[in-house]
């Protein structure tokens, strides 16, 4: 296996774990103990990697980065939404 395939597999499985986090957040609908700033940093890094791996002509890394970017940005959107819902619910009572 070459480095592109190995790195692409890390990105692919990282994306799967991130989608799992989205499922957990969907069930719990609560955001606790996680920094949105750190999550946003890694989401931006995944987006950068889409450009970067395209320039390096590494298709497996590119696919892994796309999956990770979609999953991490989905999680951030969900976290912002559920946090806003929680704040709104607290202000009603």
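We did not get these values from a lab; they are worked out from the coordinates using the rules stated. Everything numeric in this text was worked out from a predicted model, so none of it was measured. Using ideal geometry, Cβ is built from the backbone for each residue, glycine included, and neighbour counts are taken over all protein chains shown.
For this structure, a couple of remarks:
- Computed from the C-beta positions of residue 86 and residue 13, the FRET efficiency with R₀ = 41 Å rounds to 0.85.
- Our Cα-only numbers for the stretch 40-89 put the radius of gyration and Dmax at 14.0, 48 Å.
- Fewest-first sequence of 61, 22 by Cβ atoms within 10 Å of each Cβ: 22, 61
- Rg/Rh for the chain (Cα atoms only, Rh after Kirkwood) is 1.11.
- In terms of packing, defined here as the mean over residues of other Cβ atoms within 10 angstrom, the peptides 2-11, 69-78 line up highest first as 69-78, 2-11.
- Crossing angle, helix 3-28 versus the chain [Cα axis fit, 0-90 degrees, rounded to tens]: 10 degrees
- Calculated mean residue ellipticity at 222 nm for the chain: -30500 deg cm²/dmol, from DSSP H runs with n ≥ 4 weighted as -39500 (n - 2.57), summed, divided by the residue count and rounded to 500.
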